[in-house]
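Below you'll find the structure, written out as structure tokens, and then a few comments.
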2 protein chains.
Amino acid sequence: MSDTLPTVSRRGLMLVMSSPSGAGKTTISRALLERDSAIGMSVSATTRAPRPGEVDGKDYHFVSVDKFHEMVEKREFLEHARVFDNFYGTPRGPVDQILRSGRDVLFDIDWQGTQQMAQNARADLVSVFVLPPSVEELERRLRGRAQDSDEVVRKRMAKAGDEMSHWPEYDYIVVNVDLDKSIAAVQAILAAERLKRERQVGLPDFVTQLRGGE
Amino acid sequence: MSDTLPTVSRRGLMLVMSSPSGAGKTTISRALLERDSAIGMSVSATTRAPRPGEVDGKDYHFVSVDKFHEMVEKREFLEHARVFDNFYGTPRGPVDQILRSGRDVLFDIDWQGTQQMAQNARADLVSVFVLPPSVEELERRLRGRAQDSDEVVRKRMAKAGDEMSHWPEYDYIVVNVDLDKSIAAVQAILAAERLKRERQVGLPDFVTQLRGGE
């Protein structure tokens, strides 16, 4: 029966995930992408050097500082920001492509990026802030990256504090106590947002059809 | 570890489910109540006679017309309405009790009730409208109640058409193609709404604690 049922068409949404470094946002994002084929990742451009194992075009678009500034000039970014000594930005083209294909786009960006995105596309934006369960756990996770020096960890803890002060600017807050539960939480947010009336753009036609049969 | 973690306290919400008769709303509501102990049902008061098997205080509070009008006078209803020749209303007392205990309340009411509730408690209200997958399926379900006459079925189809015209007043729309998927959809809505920033009233204290550890 379900083959012949009408499908209500919907508009794609932009799911923004932010958190202090070490709160688990990237792990949650990756799990979401693996489990849900209807959402695609926005790959950021950055001027920083690739870390071991990072793939250009998958983890980041690695670009030169000159190229980055050229993209800013040409307004090719939905948002861009400087973090420490590097630049990061979200190219507009690939996002438009995913939204047009009826899928959602996931953004792994900081509060500055989220504010810029909100200016450009508020109605399509769903923002989630991930908090660590405790400050001890946050520090433990930040120290867990063996290649980082104490100086880098200190910088990250300071940045984490600043970043966390921006939680009131987000729609949803997930305290990442348990990774599986946090993944399920973001999946629920995504499922719910897709059911919002204003995103199901095919509803007026669908209900007209339902009522026309009276 | 999770035993010692702080829990972010939250404010209860009122989940309103409406649909044309026969769309599956009542089945979805019951499944939700069985699977989620953090949500309780709002039991309506009504002046109609109990149907076979209905239990007073569980399915409805069955009250006399005089008693109903007395409750209206004393402002004991969050919403009340006349449907055909009977009165239905939501008593305020039990709802306050559930919300105070930190749980959510489910309301199985029509669009008139939803409008009244929205006037009284917009911030705490989450409204879901359930649509049938097709007009043929709707009629089949309405005819499935063997005890109802053709006249009653015709009245219900007409009422279903009126009711469906109110879908644009709801936050979320669930087209009930598959019952299990519809139940999961409403569970996702509930899970997501509980994660909304403004419902997690304990967050300011929680973040202060997180940042204080710097």
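The values are calculated or read from the model by the stated rules, or taken from the named source; none is laboratory data. Remember, it's a predicted structure, so these values are computed and weren't measured experimentally. Cβ sites come from the backbone with ideal geometry, for glycine too, and all protein chains shown count toward neighbours.
Worth pointing out:
- Out of A:ARG156, A:ARG199, A:ARG211, sole residue that is surrounded by 14 or more Cβ atoms within 10 Å (Cβ to Cβ), more than 7 Å from chain B (Cβ to nearest Cβ) and under 30 Å from A:ALA123 (Cβ atoms): A:ARG199
- Here the stretch B:123-138 is the region considered, the condition is being at the interface with chain A (Cβ under 9 Å from one of its Cβ atoms) and buried (at least 19 other Cβ atoms within 10 Å of the Cβ), and the residue that is farthest from the chain's Cα centre (by Cα) is B:SER134.
- Test set (1) at pLDDT below 90; (2) farther than 19 Å from B:VAL105 by Cβ; (3) among the β-branched types (Val, Ile, Thr) - B:VAL43 fails condition number: (2)
- Some residue of the stretch A:37-49 being among the aliphatic types (A, V, I, L, M) and assigned to a helix (DSSP H, G or I): no
- For the stretch B:176-192, filtered to residues that are at pLDDT 95 or above and at the interface with chain A (Cβ under 7 Å from one of its Cβ atoms), the residue that is nearest to A:VAL8 (Cα to Cα) is B:ALA185.
- Single unsatisfied condition, B:VAL55 versus (1) surrounded by fewer than 16 Cβ atoms within 10 Å (Cβ to Cβ); (2) hydrophobic (A, V, I, L, M, F, W, C); (3) within 21 Å of B:VAL105 (Cα to Cα); (4) touching a residue at least 24 places away in the same chain (Cβ under 8 Å): (4)
- Of all residues in the stretch A:66-92 being over 18 Å from A:ASP162 (Cβ atoms) and of a type in the set (Val, Ile, Thr), the one that is surrounded by the fewest Cβ atoms within 10 Å (Cβ to Cβ): A:VAL72
- Checklist (1) without any contact (Cβ under 8 Å) to a residue 40 or more places away in the chain; (2) within 23 Å of B:ARG122 (Cβ to Cβ) applied to B:ALA49, failing item: (2)
- Any chance A:THR27 is surrounded by fewer than 19 Cβ atoms within 10 Å (Cβ to Cβ) and of a type in the set (Val, Ile, Thr): yes
- Filter result for A:GLN97 (within 19 Å of the chain's Cα centre (by Cα), closer than 18 Å to A:LEU13 by Cβ and surrounded by 12 or more Cβ atoms within 10 Å (Cβ to Cβ)): yes
- When restricted to residues that are over 12 Å from B:THR90 (Cβ atoms) and of a type outside the set (Phe, Trp, Tyr), the stretch B:107-124 contains 6.
- Residue in the stretch A:202-214 that is modelled with the lowest pLDDT, counting only those that are out of contact with any Ser or Thr (no Cβ under 6 Å at 6 or more places or on another chain) and under 28 Å from B:ALA192 (Cβ atoms): A:LEU210
- The residues in the stretch B:72-102 that are of a type in the set (A, V, I, L, M, F, W, C), part of a strand (DSSP E or B) and out of contact with any Pro (no Cβ under 9 Å at 6 or more places or on another chain) can be counted, and the count is 3.
- Single residue of the stretch A:163-175 satisfying the filter (of a type in the set (A, V, I, L, M) and under 20 Å from A:GLN115 (Cα atoms)) that is modelled with the lowest pLDDT: A:MET164
- Considering residues of the stretch A:19-36 that are part of a loop (DSSP other than H, G, I, E, B) and not small (Gly, Ala, Ser) only, the residue nearest to A:LYS155 (Cα to Cα): A:PRO20
Yes or no, residue by residue, for (1) buried (at least 18 other Cβ atoms within 10 Å of the Cβ); (2) under 30 Å from A:ALA158 (Cα atoms):
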| residue | (1), (2) |
| --- | --- |
| A:ARG10 | yes, no |
| A:LEU13 | yes, no |
| A:ALA38 | no, no |
| A:THR47 | yes, yes |
| A:TYR60 | yes, yes |
| A:VAL63 | yes, yes |
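- Among the residues of the stretch A:161-175, those that are under 23 Å from A:LEU15 (Cβ atoms) and facing chain B (nearest Cβ under 8 Å) comprise A:MET164, A:SER165, A:TRP167, A:PRO168, A:TYR170, A:ASP171, A:TYR172, A:ILE173, A:VAL174, A:VAL175.
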